[in-house]
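The values are calculated or read from the model by the stated rules, or taken from the named source; none is laboratory data. Remember, predicted model here, so these are calculated numbers, not experimental data. Here the Cβ positions follow ideal geometry from the backbone for every residue, glycine too, while neighbour counts run over all protein chains shown. Accessible surface is based on the protein model in full, side chains and every heavy atom, while ligands, DNA and RNA are left aside. Shrake-Rupley method; radii C 1.70, N 1.55, O 1.52, S 1.80 Å.
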Amino acid sequence: MAPVKRKLYDRLLLFSVYLQISGALSFSELFFVGEPQGVTVVRGDAVVLDCQAQGAAPITVRWLRNGLQLAESERIHRLPNGSLYVAETESRKGDKSDEGSYQCLAQNKHGAVLSQKARLTIASISSFTSQPSSIVVTEGSVGRLACSINSNPPPIITWEFNRVTLPLSTERLTVLPGGVLQIHAVRAEDAGNYRCIATNIANRRRSVEATLTVTPALLPPPPQRPLIVAGPQNTSVALHHSAVLECLATGSPRPLISWSRADGRSIDVHHSRVLGNGNLVLSAARPQHAGVYVCRASTPGTRTHSLAHANVTVLAPPSLVEAPQSLTRPRAGTARFVCAAAGAPAPLVTWLKNGERVRPNGRVKMYNSKLVINQLTAEDDGVYQCQAESALGCVLAAARLVVVVSEDRPSAPRGLRAEAVSSTAVLLAWDRPLYNAAKVIAYSVHYMKAEGMNNEEYQVVIGNDTTRYIIDDLEPARNYTFYIVAYMPMGASCMSDPVVGKTLEDVPLRAPELSLTSRSPTDIAVSWAPLPAKLSRGRVTALRLAFRSGAEPTPTTLELPGGRGQHLLTDLHPDTTYLLRITAATGAGWGEPSAWTSHRTPKASSGKVPLAPLLTVDPLNCTTLSLSWSLAPGHAVRVLGYRVYYHEESRPEGPALLLRPSDSRHTIGGLDPRKKYHVKILAFNALGDGYHADRTVSTPGCVSVRDRLVPPPPPPHHLHAQTNSSSRMFLHWARPAFTSRTLNYTVRCHAHGLKNASLVLYLHTSEEKLVVRDLEPNTRYEFAIRLHLDQLSSPWSPVVYQSTFPEAPTQPPSQVKVSLVQDSTALVSWRLPARDQLGVTHYTILYASRKAWAAGQWQVLQRDGGSSMALLERLQPGQVYLVKVSASNQMGDGPFSPPVELALGPDTGSHHAHGPPHNPVSSEGFLALNQTPLTAVLVGVCVALLCIMSAIIIACRGQSRKLLAADKYTERTGGGLGGGLGGGLVGAGVRRSEAQGEDEEIVMPMMSGDHFIDAKGGTDLMINSLGPVKPLPEEKRKKKWGFFRRDQKNVEEIQVPTSGAGRPLSYHQGATALCYEVELSPRRGPGPQGPCLDTEGSSGSEGSQDTGDSGRYSHDGTEMAVLCSGLRSRPASLSTEESGGSEVSREELEEQELEEPELEEQEEEKLRHSGLKIMVTAEISCHQYQQTQNGSQPALSLCV
């Protein structure tokens, strides 16, 4: 038995492959060689629409017009090759017109295919929809005249000036295809009458004449910022067609016009050109040309400009991205066809079977342009076409479905019966198939709702051991369709005859929702909507209305028939709160009552307040309510606005939403699903709030996959966001192709990174485009969209990000201040605007005298965005100047600040600014910079710098004097005073230079006994016995500039009379010296101590400045008093070194140190006898000199 089954299986497999190949070949022989094309003709002309099909003969061709079969006649008939011939076209109204969409249907034994749609249009031209208007233009400005007309095909528009045709384009004239005439640099001879002429193949139309009046211009023309007279408009252009973006601007001087894209991409120069003086033409438009274009009119040489934006949408006809493929499937199998189409706008995809539209049902579904057919039968065999259609055209693709039917299949189950068991269950029973019942291995039970379209079909598989089954997941009081299919290993049977069964009724699931309105202070109009079948769960037979006031414990109950929808309660108390509720009943009993709803009757004195609006509240989806209202009939009271209140049941009432008097619709979003909400609206006027209307409504549940056992609808795709301005965004998206029914969309919008969910904006529309308004400038936003269909909500689409344009400054610079800093120069300062949305790129300063201001002659200054002040130069005395400042960014110019006055006195020294006395003025009452404090600050800074420089130079000069004095002393002393110590200094100086490498000089002026000088350093005057010693003129000139010399190494000598001893006078010019003469006995040995003089005077000693006495010497923090004397003897060591002898020995140095105290005592004693006592105080520094020739020789210390 097994080999027989195996052979049978192989034969069936080969047979199915043969059927698949033969079916595909047969279908490939039926196709169109020529299809009809759209055409525009003049009325009365003949036209031929082509249609030629090839395939398996015989082929029949039929023609359809607007989807209906076309009746042939002598005037309209089919040619032998299948084409349609129209002898004389007519354009009558109604069905007698030949205009419309034509398609031909070719059919053979395998099926039928439908051609693409061809539009037959009869040329026409209507009257002008807008006529040109007369205008008055200033000479040198621009003029614009426009007209518009509807015609098919589009007309060619020309213009006439005084009945003479104007050229389409000259240096000053430009005619746009849309019917606009632009005149640049208008002259006096341009004045006259203009009219436009519209011409197409049908007729010619002339507009009325418009007069252009030219007025003379002011000379010279006052400066005027650029103003865009006519900017570009949002436009849609078909693929490979041309689009014109107009941009006409005026200003003084003549502005320059440039174009750019808002997304920063460059404009395609190969497919664009400039028409006239700034109009942009996009030729052969392509998808990449879509976007927002920005027209910029700017003043030459400045950053002053104006902007205008427009969105260009490139429309593309439908095209198939993926075409369906032919299929071969067994009986009871599943066939899936895929068809993907593209285009702008997104095309609508429909499916055809043998030229007729496929209607979805329980077995046939359409999702995302896919066609799915379950439980295939022989009737499903045929040709299926995918049709993608939009306003720009139609495209089709065909595929064949071959259903393989086995000869050894069982017959269909018989005698199907359905019996209601409860409100949710039905018992099914049937008989086994008449043929091959023993081969049945399972039964498939199918059921779906009997009412409505596109109902979902459910399937349950059970074993072959029973012919009874209970379906228990049904809805109460609903009709269902049932059928059974038997299965065997080789295939399935035909489906049984369908049967309809109805479930039993149940009590209402919910009570009706009440709407309450007061028409007078003593009544309440109660109304309610009928319960939907899903909630009533049967026919409502009775209603029970209960009401009571807040003070009454027992309600009053009224029994009403189930068909009623309203009731009026009268004889109530004014200004009283009443509670109301309602209960519904079916044949199964009473349901649950509704929650108490409160309503307050109006006050008795409220006679002139607005009546209650007629309110309608509908759930738009599971989270949104749509409100619409209108004023009551006969309402004659003026309304200033509306207040809307809403809250969830059992929660307190929220704040009111204030709406404008012109509003009649509002959407409340962000609600919770399956919740009951109370909505109240009232109108108000100057006397107070009017009567309010109350509605109670429930939001539906957001049906999920578990609820309906079907996937949710897909979200809209191809969501695009394009920026139109700083506060508007244009959204558009593609319509899903799984249904042709009306869809509702919810758009979610919020700023990027927003954390406060209450600020999310939800917008609702039924179209595939939306303009989002009132956005913040220069802000990045997120957009997402979802659709709603039959209480099904799709997921949110992928998020799209887009930023709004920045806006020009809305406020002028703050704290503008003006002050005069010189006789003819003023300083103007400012701060950033209070709200700086975008960085300021530059500032514009306008200033003019009152006379120039009256003539409109402002002087213009511009400063970059980082500046906060500017100088106004060459101001004229005796004038009052007005100054104002504006800020600009890349989006445009902001407003100017209020003018600030600055008054200049007739004389250069007298000036003031209007404001508080003696204070500069500012635009906001703040003090500006004053001239006197500013000058004082500058002078003070200069004096401080000079003092610092003088101190540095004096310190350097003092140090130089110390070093130079030592050298001079050495050179000028011979055998007496100089010979004793001078030689030592010279030798030590030489060794110090070699050891340390320093270039230092000490100034020690020496004078003879008959010369005297101020020892305190207060003057450079020198006096001797003959009188003051004056320097030579040449020396005086050198002294004048020597003050600025940092290091002066060349010490100059001035010849003065010699002393009685015959010693010359040697001193350093500009220094202070003390000269005395003391006769001392010669020293036997060399001494290390030399004369210690106050070489710096009082200027170099802090102590001498304070006390005026001699002061003290200090060295390394140790104080010692030194009696200075002029020694005439030289140390032996130094004398020997000068004379070329050998250096002093160590023993001799030790002897000198031992003799030193004795010598000092002798010198003091001699000074006392001579009556001369000198105490000199100075800061001393001890220099260590170490011989480098012999490392064993000790160093010689000298304190100065």
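Accessible surface of segment 318-413, 1.4 Å probe: 47 percent of it comes from carbon and sulfur atoms.
Rg over Rh for segment 364-453 works out to 1.10, both radii taken from alpha-carbon positions and Rh defined as the Kirkwood radius.
State the extension gain, in nm to one decimal, for the chain segment bounded by Asp465 and Ala188, taking 0.36 nm per residue of separation less the distance between their alpha-carbons.
Difference between extended and current length: 89.3 nm.
Of all the accessible heavy-atom surface of segment 213-306, with the other protein chains kept in place and a 1.4 Å probe, what percent is carbon and sulfur? Before the final figure, lay out the partial values.
Working: 2710 of 4840 Å².
Answer for segment 213-306: carbon and sulfur cover 56 percent of the accessible area.
Holding the Cα-Cα limit at 21 Å, pick out from Lys93/Lys769; Lys603/Lys680; Lys680/Lys755; Lys117/Lys365; Lys817/Lys884 the pairs that are longer than that. Flagged as over cut-off: Lys93/Lys769; Lys680/Lys755; Lys117/Lys365.
Round to a whole number: what % of the accessible area of segment 445-489 belongs to carbon and sulfur, probe 1.4 Å?
Of all accessible area on segment 445-489, carbon and sulfur atoms account for 47 percent.
Net length available on complete extension from Leu754 to Leu938 is 61.0 nm, with 0.36 nm assigned per residue and the Cα-Cα distance removed. The residues of segment 177-251 have, on average, 49 Å² of accessible surface per residue, using a 1.4 Å probe with all protein chains present.
Normalised per residue, the accessible area of segment 766-830 is 42 Å², obtained with a 1.4 Å probe and no contribution from ligands, DNA or RNA. Centre-to-centre separation between the Cα atoms of segment 78-122 and those of segment 432-477: 46 Å.
Computed FRET efficiency, Cβ-Cβ of Ala438 and Leu535, R0 51 Å: what is it to the nearest 0.05?
0.60
For Arg414, neighbours were defined as the other residues whose beta-carbon sits under 13 Å from its Cβ, and their charges (Lys and Arg +1, Asp and Glu -1) total 0.
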